[in-house]
Amino acid sequence: MATILRNLTYQGIPIWRNIFVIQWASQILSGVLVVVLVSWFFVNIGNAIQERDIPYGFSFLSRAYQTPIGQHFLDYKSSDSFLYAFVVAATNTIVVSIVGVILATVLGIIVGISRMSGNWIMSKVALVYIEFFRNVPLLLHLFFWFYIVLALPPVRQGYVIAQRLYINNGGVSFPWPSPTNSGLAGTWIVAAVAAVIIGWVIRRWLARRERDTGVASYPLAVGCAAAVAVGAAAWLILSVAGGAAPFVISQPEPHGTFGRIAGGFTVPGGLIALLIGLVTYTSSFIAEIVRAGVQSVGRGQTEAARAVGLSAMSTLRDITFPQALRVIVPPLISQCLNLTKNSSLAGAIGYSDLTNVAKTMTQTAPAVSIFILIMAAYLAMSLTFSLIGNLYNRHSRFTAN
Amino acid sequence: MRVNLFSAWHNSAMTVMAGIALALALWFGLGWIILEANWAVVPTLGGRIIIGQYNIEAACPGQNCFWRPQAALLLVTALLGMAWAVAGGGVTKRIALVVGGVAAAFAFLPYGLDRMGLDVRLLLLANLPALAVGWALARYTRLGSASWIAILSVLAFILTLVLLRGIPGVPLLHPVSVIYWGGLMLNLLLAIAGIALSFPVGIVLALGRRSRLQIVKLMCIVFIETFRGVPLITLLFMSQVLVPLAFPENFPQNSLVRAAIVITLFSSAYMAENIRGGLQSLHPGQVEAARALGLPGWQTTLFISLPQAIRNVIPPIVGQFISLFKDTSLVYIIGMLDVVEISRAFIQGNPEYLANAKELFIFLALVFWVFTYGMSYVSRRVEQHLGVGER
């Protein structure tokens, strides 16, 4: 307040030349302008909704959706509510994103490192891969793989590999553990997670002992052995207690008159095309990020590592790559976010992701409400990714020591 | 050779394995391309790849409208000829010759005259004289300067839009609704408009986000983060359903303009972040020196910070241009038949070509690749020209 008074009563510069007044006036003016424009937009939409009797509100969420969803990882039937269908669709997107992010990161790192390889053929193959895959629209990738999957033979003439792997235009089926009637499958999963945690703790403890005392402790091997032992023990106990093993391997088999594949686990064709397309496309970007990151580490680091006798592989694994991670991770996370957002193209090849289901929903439910929901869902996903990024940045910042 | 391929036993093993894999891939790949693949699907789709449904009977009743996109192409080659004369060779000359040459070479495609008439072929051949006319115009008149070319490019773009859209009442320019615009023409139009508009909008947003004015800064942050957080396809679909509601019912609606605006806004949010990176990489001494010399704030920004900042981030900016060009294929969601969607619709409608879909999509991938690779090639040449990383 005092500042404003001083600026207004000061006689030297006229008010309209005062930088303080100009800045605040222009800010307030532009702010008001934007608010007016945005509210004009939404007020108009509100009016249109009332005048043209377009339904609005969120009461539809508890209504039954009444529409099948092609693929779903959660149990779903048409009588479920809109809200639940929305959750099912979001789960579809999240599953594709998580699997895609993991595969794309692994493939991207492999291609990025091949690109830097001293081996001429490897580096050129990686270059062609990167230049071709990232310069073509993702939609083309998806259509290409989708029509390859569609052109596969039907179930009866499909490829069968070793009576275990069934490949046909319905998708790929392979053996998969399925829970038995003993009802202890969930218990064993909990025990397995606990076993992994126990192994991890043991590994950390041994690694610290090795670092502090110099006693060779083989932390990784012992940790893995401990995890396997605990898991196997839990398996045995649960098998005896329940009268049957918690899981059996379920084999895919042709079934019924049409030879439909039952049993095992079937990845539908649309999902396969989507994953291959997303992973190859995103990994070409990740490869470039990896290359830029590793090259950003000073050459002296590599030379010093080679001078003390580390092998090329060990130099990369223990010296260059850990330092490069600082540069790699932020753009890598933004690529993973891109993959998540790009999975919204799934609708084009018939996979029921969030956008695709939402698009179908707008035919029977208020469009405005659905848009608010998908905006919120995607913003939540991107905020999660930036949260991970910020945490990593804080964790990896150069500290004063 | 020895150092590269056979320096150690594991390197040799890798070379041999990669070599065998490469040879097998080439053997089967080339064998498939030459012997097995049925490329007939590409010429069957033919001109629809380039202009979509632009000259079908419903779009252009009683006449052949193919000449209109072709006339627009002549404008482009003439402008390229002018640019060649002004730049005096180098990469501009190469691009001008390639575009003119490829367009003219299309005239000799082995189609029967019933599928590709003499008029179409002559208009394609006319690209070479157009190139020469542009070159001569820039060489021997006062139009031969970069600023004139910029002005003429904007005029040519507007003229192209008018030409394609048509004028009611003019006999040869029967109006063609934008729903019939399609093919590669649509992708290129959207990409050019998007690139030309999202660059300045991105600069404004980046400056706004770094501004000391808190309200402006907040608005820019909200805009950028919202548009970066949501997939483009969702935004396009929302624009299709929501935006018409905000206008009176009889207000003329244009899905092409809407798509162009959404793509521009989406891309400018990313552009803003790239340019902000460039601004942050500048040494503060640059701005301080400029202010010490007495330049006012806007001149410091316009003549000192921005040119250096943009020069530093040419690769990500061009990367964003490329990504915008690729993203134009997403307009399928609002029912526009761009080059990818018209191909998909063709396969869908002609199941006998289902097995040849991969040939068609490989061909389209090559088409996209030529354009995007051209863009990154130009950006590398521009960087070399500006001496990035050298001073």
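Out of the residues in segment A:168-180 meeting the condition of being of a type outside the set (A, V, I, L, M, F, W, C) and not in a loop (DSSP other than H, G, I, E, B), tell me which one is modelled with the highest pLDDT.
Taking segment A:168-180 first, the residues of a type outside the set (A, V, I, L, M, F, W, C) are A:168-171, A:173, A:175, A:177-180.
Now restrict to residues that are not in a loop (DSSP other than H, G, I, E, B): A:168, A:171, A:173, A:177-179.
On the way: A:Asn168: 79, A:Gly171: 79, A:Ser173: 82, A:Pro177: 79, A:Ser178: 78, A:Pro179: 75.
Selected residue: A:Ser173.
Residue by residue, here is whether (1) open to solvent by 70 Å² or more (accessible area, probe 1.4 Å); (2) among the aliphatic types (A, V, I, L, M); (3) at the interface with another protein chain (Cβ under 8 Å from one of its Cβ atoms); (4) closer than 23 Å to A:Leu140 by Cα holds:
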residue: A:Leu345; (1), (2), (3), (4): no, yes, yes, yes
residue: A:Ile349; (1), (2), (3), (4): no, yes, no, yes
residue: A:Ser352; (1), (2), (3), (4): no, no, no, yes
residue: A:Asn356; (1), (2), (3), (4): no, no, no, yes
residue: A:Leu373; (1), (2), (3), (4): no, yes, no, no
residue: A:Leu383; (1), (2), (3), (4): yes, yes, yes, no
residue: A:Ser396; (1), (2), (3), (4): no, no, no, no
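What pairs come out if I take residues in segment B:120-142 that are charged (D, E, K, R) and pair them with residues that are open to solvent by less than 70 Å² (accessible area, probe 1.4 Å) whose C-beta lies under 6 Å away, six or more apart or interchain?
Every condition considered, the pairs that remain are B:Arg121/B:Ala107; B:Arg139/B:Ala85.
Residue-by-condition table, conditions (1) of a type in the set (Lys, Arg); (2) more than 20 Å from A:Val368 (Cα to Cα); (3) modelled with pLDDT under 85:
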| position | (1), (2), (3) |
| --- | --- |
| A:Tyr10 | no, yes, yes |
| A:Ile13 | no, yes, yes |
| A:Phe20 | no, yes, yes |
| A:Gly57 | no, no, yes |
| A:Gly70 | no, yes, yes |
| A:Ser79 | no, yes, yes |
| A:Phe82 | no, no, no |
| A:Phe86 | no, no, no |
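Would you confirm whether any residue within segment A:213-231 is touching a Leu at 6+ places or on another chain (Cβ under 8 Å), open to solvent by less than 60 Å² (accessible area, probe 1.4 Å), of a type in the set (Ser, Thr, Tyr) and assigned to a helix (DSSP H, G or I)?
no
If you take just the helices (runs of 4 or more DSSP H) that sit entirely in segment B:168-263, which of them hold at least 3 residues that are in contact with a Gly (Cβ under 8 Å, 6 or more places away or on another chain)? Walk me through it before giving the result.
Details: elements: B:183-209, B:214-229, B:232-246.
Once the helices (runs of 4 or more DSSP H) in segment B:168-263 are filtered for at least 3 residues that are in contact with a Gly (Cβ under 8 Å, 6 or more places away or on another chain), what remains is B:183-209, B:214-229.
Among the residues of segment B:341-391, how many are open to solvent by 70 Å² or more (accessible area, probe 1.4 Å) and touching a Ser or Thr at 6+ places or on another chain (Cβ under 8 Å)?
Total meeting the criteria: 0.
Take the residues in segment A:115-140 that are more than 8 Å from every other protein chain (Cβ to nearest Cβ), touching a residue at least 60 places away in the same chain (Cβ under 8 Å) and not aromatic (Phe, Trp, Tyr); name whichever of them is farthest from A:Ile349 (Cα to Cα).
A:Met116
From the list A:Gly199, A:Gly183, which one is touching a Gly at 6+ places or on another chain (Cβ under 8 Å), open to solvent by less than 70 Å² (accessible area, probe 1.4 Å) and part of a loop (DSSP other than H, G, I, E, B)?
Going through A:Gly199, A:Gly183 in turn, the sole match is A:Gly183.
Scan segment B:201-224 for residues that are under 26 Å from A:Leu373 (Cβ atoms), more than 7 Å from chain A (Cβ to nearest Cβ) and free of Cβ contacts under 8 Å to residues at least 12 places away in the same chain and report the count.
2
Give me a count of the residues in segment A:295-318 that are within 28 Å of the chain's Cα centre (by Cα) and either among the basic types (Lys, Arg) or assigned to a helix (DSSP H, G or I) (or both). Spell out the reasoning first.
Of the residues in segment A:295-318, the ones within 28 Å of the chain's Cα centre (by Cα) are A:295-297, A:316-318.
Pick out the ones that are also either among the basic types (Lys, Arg) or assigned to a helix (DSSP H, G or I) (or both) and you get A:295-296, A:316-318.
Residues meeting the conditions: 5.
Which residue is farthest from the chain's Cα centre (by Cα), if the candidates are limited to segment B:238-261 and must be facing another protein chain (nearest Cβ under 7 Å) and open to solvent by less than 20 Å² (accessible area, probe 1.4 Å)?
Per the stated criteria, the residue is B:Ala246.
What is the number of the single condition among (1) surrounded by fewer than 21 Cβ atoms within 10 Å (Cβ to Cβ); (2) within 14 Å of chain A (Cβ to nearest Cβ) that B:Val162 does not meet?
(2)
Given the criterion of a type in the set (A, V, I, L, M, F, W, C) and within 9 Å of another protein chain (Cβ to nearest Cβ), identify the matching residue among A:Met361, A:Met313.
Result of the check over A:Met361, A:Met313: A:Met313.
From the set of residues in segment A:240-264 that are without any contact (Cβ under 8 Å) to a residue 24 or more places away in the chain and more than 35 Å from the chain's Cα centre (by Cα), which is nearest to A:Arg164 (Cα to Cα)?
It comes out as A:Gly256.
Take A:Gln27 and tell me if it is in a helix (DSSP H, G or I), within 10 Å of chain B (Cβ to nearest Cβ) and either in contact with a strand residue (DSSP E or B) (Cβ under 9 Å, 6 or more places away or on another chain) or more than 30 Å from A:Ile372 (Cα to Cα) (or both).
The answer is no for A:Gln27.
Would segment A:319-334 turn up any residue that is within 11 Å of chain B (Cβ to nearest Cβ) and within 30 Å of B:Arg344 (Cβ to Cβ)?
Yes, that holds for at least one residue.
The values are calculated or read from the model by the stated rules, or taken from the named source; none is laboratory data. Just so you know, these numbers come straight off a predicted model, no measurement behind them. Backbone-built Cβ (ideal geometry, glycine too); neighbour counts: all protein chains shown. Ligands, DNA and RNA are excluded from the accessible area calculation, which covers all protein heavy atoms including side chains. Shrake-Rupley method; radii C 1.70, N 1.55, O 1.52, S 1.80 Å.
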